[in-house]
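Before we start, here is the structure in question, set down as structure tokens.
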Protein chains: 2
Amino acid sequence: MNEKSRKDNDLGQLRIQIDEIDSQLVELLAKRAKCTKQVGAHKSKTGMPIYVPEREAELIAKRREQASSMGVSPVLVEDLLRRIMRESYQTQHVIYKKQSDDIKKVVVIGGEGALGRVFVDMFERSDYFVEVIEKNDWERAPEIFANAGLVLVAVPIKITEHVISQLKQLPDDCVLADITSVKHKPLNAMMAAHKGPVVGLHPMFGPDVSSLVKQVVVVCHGRHEEKYDWLLKQIKTWGAVLNESDAQAHDDAMAFIQVMRHFTTFVFGAHLAGENPDLEQLIKLSSPIYRLELNMVGRLFAQDPSLYAEIIFGNKDSVGLLHRFRDEFDKALNLLESGDKSGFIKQFLMIGSWFGPFAKQSLLESKKLLQKVDDDRHLG
Amino acid sequence: MNEKSRKDNDLGQLRIQIDEIDSQLVELLAKRAKCTKQVGAHKSKTGMPIYVPEREAELIAKRREQASSMGVSPVLVEDLLRRIMRESYQTQHVIYKKQSDDIKKVVVIGGEGALGRVFVDMFERSDYFVEVIEKNDWERAPEIFANAGLVLVAVPIKITEHVISQLKQLPDDCVLADITSVKHKPLNAMMAAHKGPVVGLHPMFGPDVSSLVKQVVVVCHGRHEEKYDWLLKQIKTWGAVLNESDAQAHDDAMAFIQVMRHFTTFVFGAHLAGENPDLEQLIKLSSPIYRLELNMVGRLFAQDPSLYAEIIFGNKDSVGLLHRFRDEFDKALNLLESGDKSGFIKQFLMIGSWFGPFAKQSLLESKKLLQKVDDDRHLG
């Protein structure tokens, strides 16, 4: 055997070994999934929450330690375990423990909408009797609401208050809740329409989530907290994390979180389309961070325009915010046009100190993400 | 044993099994790393490129198939393998095959700068004799350049052309190249200063990359392509991907890719700092996408302001581009203030059709990323 073919042979042998190891890896994953399914079944029966932060942290810490002692990167092991755990969260739970046996019926108004459907599904998998009411069913409303223990309003933002104002005849003990993306006005409307327990919810996720694990739900308390405690427990059982907020503070934050973000993304898309550069070329020449940026802009326009119109046009307080953004833009443009580099650097440093430790933390977190963008590159 | 403690016991047993499986997983990773290190050594000797797209695709396809047949998610398996392969790309190569034995010396001007150092390191690990020249060494320049086979200009953008204009005395056959983030003017300057082979390079990554695998390097051809063919091969040996571009087209694209992105991010930060919302609260209430957005803004301000000042102030063509962005912003603000929802939706759809299939693709790609943001959440 000559030198070259001996070397090719070595490489071939090594690749066979690697394939063998990867095959064992897949087998391990199959075995692990069997175990986590049993854990899931156990949790469903006992009502234990699907996501237990302490167990997750402990599990990761043990493997990181083992990795270090074996010369394997602990960061690699943590990344892999987090990805594996995500999968098991998504697949292990078919049913959830019901947190209140007193609730005869859950009514979801607008339960055929995208996000409404997620809640209908979760309640049904938690063994509640669920009824959906849509606009065509309104004549049957008295009958449907008659023995409801929870009425959840899941209708488009523009009709939320109107729909709530129609709910004058709910049973006294019935919990009235909504999942609208603004909270101040709907919460007031619910308090006015119903004398019983009231709570405002804002699920910070879209209908395309594959599980509720680690998803955030904002809770704005209304009235008789003790009477809807079971509902909050139920949502936690699904794996979600609750964050309490004052309704007005929530809406102020959303002006940043939703309106600013969607509006500027819209403008970015409008500008790109207007400039009409060669998109292929732009993608080809992109650094990971710009590829990610382009993705974040592009994804908006693959979605329902009326949904975004509702969010942007539905929060009129944000007009002032957007005007001030435009003013900042002009100020920065002035710095650029007058060649005032030192003014730019001075402001840059001021903004950096406003962000504080979050800036550094963002650099680290986004680095991990950008590496993921690289991992997924398919290059020929 | 009562019912409850029996159940607790079941759960305990399952967790022991899961820990056992995870421990085997770490052992497999250690074994795999041993194999890939040998593959790396083999590639270093033979000069095979570190990244072979076909082998990667084949390896993934085989494991996806196995996964499907065993009821394991193929997407999960692909994600894990890509993450594992990234690690091995980063660790397996210590040295690289030298692609040209004729090159007596590589000189990196500004080789003590952050990105310059990456190239010095890569050339040294490829067995080239590398000399660095910084501004204080300039009197020794004739001696340093005397038998150089490659001179790589890696100085800050604002002095690139000036430095190039000083390079009148290079050996005829020496390759002159630069790694500046604009290409048109530096390439012209190099063509004027040197009669021999010339090529412009733009590495589309920062100095913090942990390997060059899958990173993009833009190539703008200058003169005598056949004489710097070895250099392009060398860069490919490091795992990078080359994209050829016309210098002016490159600069036009960079106005979007770098200037627009950094400038609007700067304004976003300025606006946030000016509005001064409670950052903690904002993060707490954030959906995954806004958390990512905040990270992308925050990360800018953890970096060197003068670097960004150079990029933004160094590309004066972008002023017009930024003005037109501001105009788009005003137009959108008008739609909002006049309540013209249907005008908004109409434009939204037009932009969507400009993006074409990229929009849908972005939605899919970013969904994977947002899941990664969720995976990494540490919640108490």
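The values are calculated or read from the model by the stated rules, or taken from the named source; none is laboratory data. Keep in mind it's a predicted model, so treat the numbers as computed, not measured. In this analysis, Cβ positions are derived from the backbone assuming ideal geometry, glycine residues included, and neighbour counts consider all displayed protein chains.
Checking the structure you have, find out if any residue of region B:268-275 is in contact with a His (Cβ under 6 Å, 6 or more places away or on another chain) and either modelled with pLDDT of 90 or more or not in a helix (DSSP H, G or I) (or both).
Going through region B:268-275, the residues in contact with a His (Cβ under 6 Å, 6 or more places away or on another chain) turn out to be none.
Scanning region B:268-275 turns up no residue that is in contact with a His (Cβ under 6 Å, 6 or more places away or on another chain) and either modelled with pLDDT of 90 or more or not in a helix (DSSP H, G or I) (or both).
Restricted to region A:59-98, and to residues that are under 26 Å from A:Ser126 (Cβ atoms) and hydroxyl-bearing (Ser, Thr, Tyr), which residue is surrounded by the most Cβ atoms within 10 Å (Cβ to Cβ)?
So, considering only residues that are under 26 Å from A:Ser126 (Cβ atoms) and hydroxyl-bearing (Ser, Thr, Tyr), the one surrounded by the most Cβ atoms within 10 Å (Cβ to Cβ) is A:Tyr96.
Which of the residues spanning region A:155-209 are within 26 Å of the chain's Cα centre (by Cα) and of a type in the set (Ser, Thr, Tyr)?
Within region A:155-209, A:Thr160, A:Thr180, A:Ser181 qualify.
Can you tell me which of (1) of a type in the set (Ser, Thr, Tyr); (2) within 28 Å of B:Lys31 (Cβ to Cβ); (3) outside any helix (DSSP H, G or I) is the one A:Ser88 doesn't meet?
(3)
A follow-up question, please. Scanning for something more than 22 Å from B:Lys367 (Cα to Cα) and away from chain B (no Cβ under 14 Å), does region A:83-94 turn up at least one residue?
First, pick out the residues of region A:83-94 that are more than 22 Å from B:Lys367 (Cα to Cα): A:94.
Subsequent filtering for residues that are away from chain B (no Cβ under 14 Å) retains A:94.
Scanning region A:83-94, I find at least one residue that is more than 22 Å from B:Lys367 (Cα to Cα) and away from chain B (no Cβ under 14 Å), so the answer is yes.
Further, regarding this structure: Note down all Cβ pairs under 8 Å where the first residue falls in region A:113-142 and is within 25 Å of A:Ser210 (Cβ to Cβ), the second is part of a helix (DSSP H, G or I) and β-branched (Val, Ile, Thr), and they're at least six residues apart or on different chains.
Pairs found: A:Ser126/A:Thr237; A:Val130/A:Val120; A:Val132/A:Val120.
Another question, then. Which residue pairs have Cβ atoms under 7 Å apart, sit 6 or more places apart or on different chains, and have a first residue in region A:17-37 that is of a type in the set (Val, Ile, Thr) and a second that is not in a helix (DSSP H, G or I)?
Short answer, once both residue conditions are applied: A:Val26/B:Met70; A:Val26/B:Val72.
Do we have B:Phe263 as assigned to a loop (DSSP other than H, G, I, E, B), closer than 29 Å to B:Glu161 by Cα and free of Cβ contacts under 8 Å to residues at least 60 places away in the same chain here?
Working: assigned to a loop (DSSP other than H, G, I, E, B): no; closer than 29 Å to B:Glu161 by Cα: yes; free of Cβ contacts under 8 Å to residues at least 60 places away in the same chain: yes.
Judged against the criteria, B:Phe263 is not a match.
Could you count how many residues in region A:48-78 are assigned to a loop (DSSP other than H, G, I, E, B) and more than 9 Å from chain B (Cβ to nearest Cβ)? Write out each step before concluding.
First, the residues of region A:48-78 that are assigned to a loop (DSSP other than H, G, I, E, B): A:48-52, A:71-73.
After this cut, where a residue has to be more than 9 Å from chain B (Cβ to nearest Cβ) as well, the list is A:49-50, A:52.
Qualifying residue count, region A:48-78: 3.
Now for a different question. So which residues in region A:276-287 are within 7 Å of chain B (Cβ to nearest Cβ) and assigned to a helix (DSSP H, G or I), if there are any at all?
Applying the first criterion (within 7 Å of chain B (Cβ to nearest Cβ)) to region A:276-287 yields A:277, A:279, A:281-282, A:284-287.
Within region A:276-287, A:Leu279, A:Gln281, A:Leu282, A:Lys284 meet the criteria.
Looking at (1) facing chain B (nearest Cβ under 8 Å); (2) surrounded by fewer than 22 Cβ atoms within 10 Å (Cβ to Cβ); (3) at positive phi, which one does A:Asn243 not meet, given that it meets all the others?
So A:Asn243 meets the others, but not (3).
Something else about it: Residue by residue through region A:99-118, note down the ones that are in a loop (DSSP other than H, G, I, E, B) and either surrounded by fewer than 21 Cβ atoms within 10 Å (Cβ to Cβ) or at pLDDT 90 or above (or both). Steps first, answer last, please.
Taking region A:99-118 first, the residues in a loop (DSSP other than H, G, I, E, B) are A:99-105, A:110-113.
Hits for region A:99-118 are A:Gln99, A:Ser100, A:Asp101, A:Asp102, A:Ile103, A:Lys104, A:Lys105, A:Gly110, A:Glu112, A:Gly113.
Which residues, taken from region B:315-330, are within 8 Å of chain A (Cβ to nearest Cβ) and either of a type in the set (A, V, I, L, M) or without any contact (Cβ under 8 Å) to a residue 12 or more places away in the chain (or both)?
B:Val319, B:Leu321, B:Leu322, B:His323, B:Arg324, B:Arg326, B:Glu328, B:Phe329, B:Asp330
Hey, any hits in region A:288-308 for a residue that's more than 7 Å from chain B (Cβ to nearest Cβ) and over 17 Å from A:Thr265 (Cβ atoms)?
Scanning region A:288-308 turns up at least one residue that is more than 7 Å from chain B (Cβ to nearest Cβ) and over 17 Å from A:Thr265 (Cβ atoms).
For A:Phe313, are the conditions met, namely being touching a His at 6+ places or on another chain (Cβ under 6 Å), buried (at least 17 other Cβ atoms within 10 Å of the Cβ) and not β-branched (Val, Ile, Thr)?
Values: touching a His at 6+ places or on another chain (Cβ under 6 Å): no; buried (at least 17 other Cβ atoms within 10 Å of the Cβ): yes; not β-branched (Val, Ile, Thr): yes.
Spelling it out, it is not the case that A:Phe313 is touching a His at 6+ places or on another chain (Cβ under 6 Å), buried (at least 17 other Cβ atoms within 10 Å of the Cβ) and not β-branched (Val, Ile, Thr).
Quick check on B:Ile312: is it in contact (Cβ under 8 Å) with a residue 24 or more places away in the chain and at the interface with another protein chain (Cβ under 7 Å from one of its Cβ atoms)? Break it down into steps so the answer makes sense when it comes.
Numbers: in contact (Cβ under 8 Å) with a residue 24 or more places away in the chain: yes; at the interface with another protein chain (Cβ under 7 Å from one of its Cβ atoms): yes.
Taking the combined requirement at face value, the residue satisfies it.
Follow-up. Where in region B:290-368 are there helices (runs of 4 or more DSSP H), lying wholly inside it, with at least 2 residues that are over 30 Å from A:Ile345 (Cβ atoms)?
Working: elements: B:305-313, B:318-337, B:341-355.
Helices (runs of 4 or more DSSP H) meeting the threshold: B:318-337, B:341-355.
Residue under question is B:Leu333, and the condition is that it be facing chain A (nearest Cβ under 7 Å) and in contact with a Leu (Cβ under 9 Å, 6 or more places away or on another chain); does it hold? Before the answer, list the steps.
Working: facing chain A (nearest Cβ under 7 Å): yes; in contact with a Leu (Cβ under 9 Å, 6 or more places away or on another chain): yes.
In short, yes.
If you don't mind, another one. Can you tell me which of (1) without any contact (Cβ under 8 Å) to a residue 24 or more places away in the chain; (2) in a loop (DSSP other than H, G, I, E, B); (3) among the β-branched types (Val, Ile, Thr) is the one A:Ile159 doesn't meet?
(2)
Residue check, B:Gly40 against (1) within 9 Å of chain A (Cβ to nearest Cβ); (2) part of a helix (DSSP H, G or I), all met but one. Which one?
Only one criterion in (1) within 9 Å of chain A (Cβ to nearest Cβ); (2) part of a helix (DSSP H, G or I) is unmet by B:Gly40, namely (1).
For region B:343-353, state whether one or more residues are in contact with a Gly (Cβ under 7 Å, 6 or more places away or on another chain) and facing chain A (nearest Cβ under 7 Å). Write out each step before concluding.
In the first step, residues of region B:343-353 are kept if they are in contact with a Gly (Cβ under 7 Å, 6 or more places away or on another chain); the result is B:351.
Next, from what is left, pick out any that are facing chain A (nearest Cβ under 7 Å): B:351.
Yes.
So, one more: Only residues that are buried (at least 22 other Cβ atoms within 10 Å of the Cβ) and of a type in the set (Lys, Arg): list them for region B:262-290, please.
Passing the criteria: none in range.
So is B:Leu363 in contact with a Gly (Cβ under 8 Å, 6 or more places away or on another chain), farther than 18 Å from A:Leu294 by Cα and not basic (Lys, Arg) or not? Step through it out loud before you land on a result.
Working: in contact with a Gly (Cβ under 8 Å, 6 or more places away or on another chain): yes; farther than 18 Å from A:Leu294 by Cα: no; not basic (Lys, Arg): yes.
Against the criterion (in contact with a Gly (Cβ under 8 Å, 6 or more places away or on another chain), farther than 18 Å from A:Leu294 by Cα and not basic (Lys, Arg)), B:Leu363 does not qualify.
Can you confirm whether region B:2-9 contains a residue that is crowded, with 17+ Cβ neighbours inside 10 Å, part of a helix (DSSP H, G or I) and either modelled with pLDDT under 90 or at the interface with chain A (Cβ under 9 Å from one of its Cβ atoms) (or both)?
Here is the first cut: in region B:2-9, the ones crowded, with 17+ Cβ neighbours inside 10 Å are none.
No, because not a single residue in region B:2-9 is crowded, with 17+ Cβ neighbours inside 10 Å, part of a helix (DSSP H, G or I) and either modelled with pLDDT under 90 or at the interface with chain A (Cβ under 9 Å from one of its Cβ atoms) (or both).
In region A:254-275, what residues are facing another protein chain (nearest Cβ under 7 Å) and among the small types (Gly, Ala, Ser)?
Those that are facing another protein chain (nearest Cβ under 7 Å) and among the small types (Gly, Ala, Ser): A:Gly269, A:Ala270, A:Ala273, A:Gly274.
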